[in-house]
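Okay, structure first, notes after.
The values are calculated or read from the model by the stated rules, or taken from the named source; none is laboratory data. Being a predicted model, the structure only gives us computed values, none of them experimental. Here the Cβ positions follow ideal geometry from the backbone for every residue, glycine too, while neighbour counts run over all protein chains shown. Side chains included, ligands, DNA and RNA excluded: accessible areas come from the protein's heavy atoms. Shrake-Rupley method; radii C 1.70, N 1.55, O 1.52, S 1.80 Å.
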Amino acid sequence: MTKRPGFPVQLDRVSSSLVRAGSTRTGAQTMPVTKTSVSARAPALQAVASGLGLDSQAVRSRMVEKLRAQGVTDEAVLSAMNQVPRHQFVESALVNQAYEDTSLPIGLGQTISKPNVVARMIELLRAGRSGKLGRVLEIGTGCGYQAAVLSLVATEVYSIERLRGLHDKAKENLRTLRLPNVHLIFADGMIGFPKGAPYAGIISAAGGEQVPQPWLDQLAVGGRLIAPTATAQGQQALVVVERTDTGFQKEVLEAVHFVPLKSGVA
Ligand code: SAH
(Lines give C-alpha, C1' and ligand atoms only; values in the text may rest on other atoms or scores of the structure.)
Protein backbone atom coordinates (compact mmCIF):
# COMPACT_ATOMS: atom_id res chain seq x y z
CA MET A 1 0.00 0.00 0.00
CA THR A 2 1.41 3.39 -0.89
CA LYS A 3 0.62 6.65 0.82
CA ARG A 4 1.21 10.10 -0.57
CA PRO A 5 1.69 12.86 1.94
CA GLY A 6 0.02 15.43 -0.24
CA PHE A 7 -1.87 17.67 2.11
CA PRO A 8 -1.70 21.36 1.19
CA VAL A 9 -0.06 22.79 4.24
CA GLN A 10 2.64 25.39 4.49
CA LEU A 11 6.39 24.95 4.55
CA ASP A 12 8.55 27.70 5.97
CA ARG A 13 8.75 30.36 3.32
CA VAL A 14 12.38 30.05 2.28
CA SER A 15 12.31 26.28 1.98
CA SER A 16 9.02 26.22 0.17
CA SER A 17 10.26 28.32 -2.73
CA LEU A 18 13.46 26.29 -2.90
CA VAL A 19 11.59 23.00 -2.93
CA ARG A 20 9.50 24.20 -5.83
CA ALA A 21 12.63 25.23 -7.69
CA GLY A 22 14.16 21.85 -6.96
CA SER A 23 11.18 19.94 -8.25
CA THR A 24 11.66 21.21 -11.77
CA ARG A 25 15.42 20.97 -12.10
CA THR A 26 18.18 19.39 -10.12
CA GLY A 27 21.68 20.43 -9.35
CA ALA A 28 23.47 23.47 -8.13
CA GLN A 29 22.32 25.79 -10.89
CA THR A 30 18.75 26.00 -9.67
CA MET A 31 19.39 25.51 -5.97
CA PRO A 32 22.43 27.52 -4.91
CA VAL A 33 23.77 26.90 -1.45
CA THR A 34 23.59 30.06 0.60
CA LYS A 35 26.76 31.17 2.35
CA THR A 36 26.30 32.89 5.66
CA SER A 37 28.88 34.87 7.59
CA VAL A 38 29.80 33.76 11.09
CA SER A 39 28.41 36.92 12.66
CA ALA A 40 25.07 36.49 10.93
CA ARG A 41 24.74 32.92 12.15
CA ALA A 42 25.02 33.29 15.88
CA PRO A 43 21.64 34.97 16.52
CA ALA A 44 19.90 32.43 14.31
CA LEU A 45 21.36 29.57 16.30
CA GLN A 46 20.06 31.18 19.44
CA ALA A 47 16.63 31.65 17.96
CA VAL A 48 16.38 27.99 17.09
CA ALA A 49 17.90 27.00 20.41
CA SER A 50 15.27 28.94 22.26
CA GLY A 51 12.58 27.13 20.32
CA LEU A 52 11.56 30.10 18.22
CA GLY A 53 13.06 28.77 15.00
CA LEU A 54 12.98 32.22 13.46
CA ASP A 55 15.74 31.72 10.94
CA SER A 56 16.34 28.05 10.42
CA GLN A 57 17.79 28.73 6.97
CA ALA A 58 20.89 30.34 8.46
CA VAL A 59 21.61 27.40 10.77
CA ARG A 60 20.94 24.98 7.97
CA SER A 61 23.39 26.77 5.70
CA ARG A 62 25.98 26.53 8.46
CA MET A 63 25.38 22.76 8.62
CA VAL A 64 25.89 22.56 4.86
CA GLU A 65 29.15 24.49 5.08
CA LYS A 66 30.31 21.96 7.63
CA LEU A 67 29.33 19.07 5.34
CA ARG A 68 31.35 20.68 2.58
CA ALA A 69 34.33 21.02 4.92
CA GLN A 70 33.93 17.33 5.80
CA GLY A 71 34.33 16.45 2.13
CA VAL A 72 30.82 16.22 0.69
CA THR A 73 31.11 17.55 -2.86
CA ASP A 74 27.87 16.59 -4.64
CA GLU A 75 26.08 19.92 -5.09
CA ALA A 76 22.69 18.27 -5.50
CA VAL A 77 23.07 16.59 -2.10
CA LEU A 78 24.32 19.76 -0.42
CA SER A 79 21.49 21.71 -1.96
CA ALA A 80 18.86 19.19 -0.82
CA MET A 81 20.25 19.25 2.71
CA ASN A 82 20.17 23.02 2.61
CA GLN A 83 16.44 22.89 1.94
CA VAL A 84 14.98 20.24 4.22
CA PRO A 85 14.08 21.69 7.65
CA ARG A 86 15.70 19.02 9.83
CA HIS A 87 14.41 20.66 12.99
CA GLN A 88 10.87 19.73 11.96
CA PHE A 89 11.76 16.04 12.17
CA VAL A 90 13.03 15.93 15.76
CA GLU A 91 11.26 16.21 19.11
CA SER A 92 10.82 19.79 20.25
CA ALA A 93 13.17 19.22 23.19
CA LEU A 94 15.95 18.38 20.70
CA VAL A 95 15.36 21.21 18.24
CA ASN A 96 18.49 23.04 19.36
CA GLN A 97 20.57 20.04 18.27
CA ALA A 98 18.82 19.49 14.97
CA TYR A 99 21.62 20.98 12.85
CA GLU A 100 24.54 19.55 14.79
CA ASP A 101 26.44 16.64 13.31
CA THR A 102 24.92 14.11 15.63
CA SER A 103 22.39 11.32 15.51
CA LEU A 104 19.31 11.93 17.66
CA PRO A 105 16.63 9.69 19.22
CA ILE A 106 13.32 9.66 17.33
CA GLY A 107 11.41 7.31 19.64
CA LEU A 108 10.90 3.55 19.83
CA GLY A 109 14.63 3.06 20.33
CA GLN A 110 15.49 4.38 16.85
CA THR A 111 17.64 7.31 15.72
CA ILE A 112 17.81 9.83 12.92
CA SER A 113 21.25 9.46 11.30
CA LYS A 114 23.66 12.34 11.60
CA PRO A 115 23.70 14.80 8.69
CA ASN A 116 27.15 13.73 7.59
CA VAL A 117 26.05 10.11 7.24
CA VAL A 118 22.88 11.03 5.35
CA ALA A 119 24.90 13.20 2.95
CA ARG A 120 27.60 10.57 2.50
CA MET A 121 25.11 7.79 1.74
CA ILE A 122 23.10 9.82 -0.74
CA GLU A 123 26.31 10.97 -2.39
CA LEU A 124 27.32 7.33 -2.78
CA LEU A 125 23.87 6.50 -4.14
CA ARG A 126 24.09 9.22 -6.78
CA ALA A 127 27.70 8.38 -7.69
CA GLY A 128 28.28 11.75 -9.32
CA ARG A 129 25.29 11.66 -11.65
CA SER A 130 24.34 15.06 -12.97
CA GLY A 131 20.56 14.71 -13.13
CA LYS A 132 17.97 13.29 -10.78
CA LEU A 133 18.02 9.62 -9.88
CA GLY A 134 14.99 7.62 -10.95
CA ARG A 135 12.97 5.60 -8.43
CA VAL A 136 14.66 5.10 -5.07
CA LEU A 137 13.76 2.65 -2.30
CA GLU A 138 14.59 3.55 1.30
CA ILE A 139 14.43 0.91 4.01
CA GLY A 140 13.81 2.49 7.42
CA THR A 141 11.72 5.67 7.09
CA GLY A 142 12.22 6.56 10.76
CA CYS A 143 11.17 10.17 11.19
CA GLY A 144 11.12 10.73 7.42
CA TYR A 145 14.05 13.15 7.23
CA GLN A 146 16.18 11.17 4.79
CA ALA A 147 13.13 10.45 2.64
CA ALA A 148 12.60 14.22 2.35
CA VAL A 149 16.23 14.76 1.31
CA LEU A 150 15.97 11.90 -1.20
CA SER A 151 12.81 13.41 -2.68
CA LEU A 152 14.87 16.34 -3.95
CA VAL A 153 17.43 14.19 -5.76
CA ALA A 154 15.21 11.37 -7.09
CA THR A 155 12.06 11.28 -9.17
CA GLU A 156 10.17 8.95 -6.80
CA VAL A 157 10.97 7.79 -3.28
CA TYR A 158 9.43 4.63 -1.79
CA SER A 159 10.22 4.50 1.90
CA ILE A 160 9.38 1.50 4.10
CA GLU A 161 9.12 1.43 7.89
CA ARG A 162 8.36 -1.61 10.05
CA LEU A 163 7.29 0.30 13.18
CA ARG A 164 3.78 1.69 12.95
CA GLY A 165 4.55 4.49 15.42
CA LEU A 166 7.39 5.82 13.28
CA HIS A 167 5.54 5.34 10.02
CA ASP A 168 2.77 7.54 11.44
CA LYS A 169 5.25 10.06 12.79
CA ALA A 170 6.97 10.34 9.39
CA LYS A 171 3.61 10.84 7.71
CA GLU A 172 2.92 13.68 10.10
CA ASN A 173 6.37 15.22 9.68
CA LEU A 174 6.25 15.07 5.89
CA ARG A 175 2.71 16.36 5.57
CA THR A 176 3.74 20.00 5.92
CA LEU A 177 6.45 19.69 3.28
CA ARG A 178 4.17 18.71 0.42
CA LEU A 179 6.42 16.23 -1.32
CA PRO A 180 4.17 14.34 -3.74
CA ASN A 181 6.97 12.04 -4.89
CA VAL A 182 7.45 10.47 -1.45
CA HIS A 183 5.49 7.25 -0.86
CA LEU A 184 5.47 5.90 2.68
CA ILE A 185 4.88 2.20 3.17
CA PHE A 186 4.24 0.40 6.46
CA ALA A 187 5.75 -3.05 5.93
CA ASP A 188 8.80 -5.23 6.48
CA GLY A 189 11.51 -3.74 4.29
CA MET A 190 13.51 -6.99 4.28
CA ILE A 191 11.43 -8.03 1.29
CA GLY A 192 11.85 -4.67 -0.43
CA PHE A 193 8.88 -3.23 -2.30
CA PRO A 194 8.43 -5.09 -5.60
CA LYS A 195 5.69 -2.77 -6.85
CA GLY A 196 8.14 0.09 -7.34
CA ALA A 197 10.97 -2.06 -8.79
CA PRO A 198 13.35 -1.87 -10.51
CA TYR A 199 15.05 0.88 -8.51
CA ALA A 200 17.85 3.17 -9.63
CA GLY A 201 18.88 3.31 -5.99
CA ILE A 202 18.27 1.40 -2.77
CA ILE A 203 19.38 2.84 0.56
CA SER A 204 19.02 1.22 3.95
CA ALA A 205 19.02 3.10 7.24
CA ALA A 206 19.25 -0.11 9.25
CA GLY A 207 22.06 -2.66 9.28
CA GLY A 208 21.63 -6.39 8.67
CA GLU A 209 23.81 -9.49 8.64
CA GLN A 210 23.86 -9.39 4.88
CA VAL A 211 22.16 -7.58 2.02
CA PRO A 212 18.73 -9.23 1.62
CA GLN A 213 18.30 -10.99 -1.74
CA PRO A 214 15.03 -9.16 -2.60
CA TRP A 215 16.92 -5.84 -2.57
CA LEU A 216 19.40 -7.18 -5.12
CA ASP A 217 16.55 -8.58 -7.20
CA GLN A 218 14.79 -5.20 -7.18
CA LEU A 219 17.86 -3.19 -8.18
CA ALA A 220 17.90 -1.96 -11.79
CA VAL A 221 20.87 -2.71 -14.02
CA GLY A 222 23.13 0.32 -13.52
CA GLY A 223 21.49 0.93 -10.13
CA ARG A 224 23.29 1.23 -6.81
CA LEU A 225 22.51 -0.04 -3.34
CA ILE A 226 23.98 1.42 -0.14
CA ALA A 227 23.47 -0.49 3.09
CA PRO A 228 25.18 -0.83 6.46
CA THR A 229 26.04 -4.53 6.70
CA ALA A 230 27.83 -6.76 9.20
CA THR A 231 31.46 -7.55 8.39
CA ALA A 232 33.28 -10.81 8.99
CA GLN A 233 34.87 -9.17 12.06
CA GLY A 234 31.44 -8.66 13.60
CA GLN A 235 31.41 -4.92 12.96
CA GLN A 236 29.24 -2.91 10.63
CA ALA A 237 30.42 -1.22 7.43
CA LEU A 238 28.82 0.61 4.56
CA VAL A 239 28.42 -1.72 1.62
CA VAL A 240 27.88 -0.46 -1.91
CA VAL A 241 26.52 -2.82 -4.53
CA GLU A 242 26.26 -1.88 -8.17
CA ARG A 243 24.27 -4.00 -10.59
CA THR A 244 25.92 -4.44 -13.95
CA ASP A 245 24.84 -6.21 -17.13
CA THR A 246 26.60 -9.31 -15.94
CA GLY A 247 26.08 -9.34 -12.18
CA PHE A 248 26.78 -7.41 -8.97
CA GLN A 249 29.88 -5.53 -7.89
CA LYS A 250 30.29 -5.15 -4.17
CA GLU A 251 32.51 -2.72 -2.30
CA VAL A 252 32.96 -2.51 1.48
CA LEU A 253 33.64 1.01 2.78
CA GLU A 254 34.06 2.62 6.21
CA ALA A 255 32.78 1.31 9.55
CA VAL A 256 29.39 2.71 10.64
CA HIS A 257 26.89 2.30 13.50
CA PHE A 258 23.29 1.86 12.44
CA VAL A 259 20.30 0.46 14.29
CA PRO A 260 19.62 -3.21 13.44
CA LEU A 261 17.58 -4.32 10.46
CA LYS A 262 14.77 -6.43 11.90
CA SER A 263 12.15 -8.58 10.24
CA GLY A 264 8.40 -8.36 10.62
CA VAL A 265 6.33 -5.33 11.59
CA ALA A 266 5.43 -3.99 15.01
N1 SAH B 1 16.14 7.34 7.61
C2 SAH B 1 15.66 7.48 8.95
C3 SAH B 1 16.53 6.72 9.91
C4 SAH B 1 15.72 5.86 10.82
S5 SAH B 1 16.61 4.68 11.76
C6 SAH B 1 15.49 8.94 9.33
O7 SAH B 1 15.82 9.83 8.53
O8 SAH B 1 14.98 9.19 10.42
C9 SAH B 1 16.28 3.19 10.88
C10 SAH B 1 14.88 2.74 10.80
O11 SAH B 1 14.86 1.47 10.16
C12 SAH B 1 14.15 2.54 12.13
O13 SAH B 1 13.03 3.37 12.17
C14 SAH B 1 13.74 1.06 12.12
O15 SAH B 1 12.48 0.80 12.70
C16 SAH B 1 13.74 0.77 10.63
N17 SAH B 1 13.82 -0.64 10.25
C18 SAH B 1 14.60 -1.63 10.78
N19 SAH B 1 14.37 -2.79 10.15
C20 SAH B 1 13.43 -2.53 9.19
C21 SAH B 1 12.76 -3.33 8.21
N22 SAH B 1 12.98 -4.64 8.07
N23 SAH B 1 11.86 -2.74 7.40
C24 SAH B 1 11.59 -1.42 7.51
N25 SAH B 1 12.17 -0.62 8.42
C26 SAH B 1 13.08 -1.16 9.25
Query raised in the report: By a straight-distance test (C-alpha under 12 Å), which aspartates and glutamates pair with Lys66 as possible cross-link partners, with residues fewer than eight away in the same chain excluded?
Result: Glu100, Asp101
Report task. Tell me the label-point distance for the pair Ala187, Lys250, using the 7 Å Cα-to-Cβ offset, in nm and rounded to one decimal. Result -> 2.5 nm
Report task. Evaluate E = 1/(1 + (r/R0)^6) for Ala127 and Ala93, where r is the Cβ-Cβ distance and R0 equals 51 Å; express this FRET efficiency to the nearest 0.05. Result -> 0.85
Requested in this report: Could you grab the Rg to Rh ratio for region 68-183? Cα atoms only, Kirkwood for Rh.
Outcome: 0.94
Report summary line: Once amide hydrogens are built 1.01 Å from N within the peptide plane, the residues lying 5 or more places from Ile202 or on another chain with amide H under 5 Å from its amide H are Leu137, Arg224, Leu225, Ile226
Report summary line: By accessible area (1.4 Å), largest first, Lys169, Lys195 order as Lys195, Lys169
Query - Overall form of region 50-123 per C-alpha gyration tensor (a/c, 1.5; a/b vs b/c) - result: oblate
Query raised in the report: Can you list the HN-Hα couplings for region 171-177, worked out from phi with the Karplus curve (6.51, -1.76, 1.60; θ = phi - 60°), rounded to whole Hz and with x for Gly and Pro?
Result: 4, 5, 4, 7, 3, 5, 8
Query - Sorted largest first, extent of region 107-168 alpha carbons per principal axis (Å) - result: 37, 23, 13
Query - Cα-Cα P(r), region 31-256, percent of pairs per 10 Å interval - result: 8, 34, 38, 17, 4, 0
Report summary line: Order by accessible surface, 1.4 Å probe, largest leading, for residues Asp188, Asp245 comes to Asp245, Asp188
Requested in this report: Give the Debye-formula value of log10 I(q)/I(0) at each listed q (0.16, 0.24, 0.29 Å⁻¹), with one equal scatterer per alpha carbon of region 77-119, two decimals each.
Outcome: -0.38, -0.84, -1.14
Report summary line: For 65-76, 223-234, ranked highest to lowest by mean beta-carbon neighbours within 10 Å, the order is 223-234, 65-76
Query raised in the report: With all pairs of different alpha carbon atoms counted, what Kirkwood hydrodynamic radius in Å does region 153-266 show?
Result: 14.9 Å
Report summary line: SASA check, Glu251, accessible area w/ 1.4 Å probe, all protein chains in place, rounded to nearest 10 Å², comes out at 100 Å²
Query raised in the report: Based only on the alpha carbon positions, what is the Kirkwood hydrodynamic radius of region 146-194, in angstrom?
Result: 11.1 Å
Query - Cα centre as origin, Lys/Arg/Asp/Glu Cβ charges: region 31-256 dipole, Debye - result: 480 debye
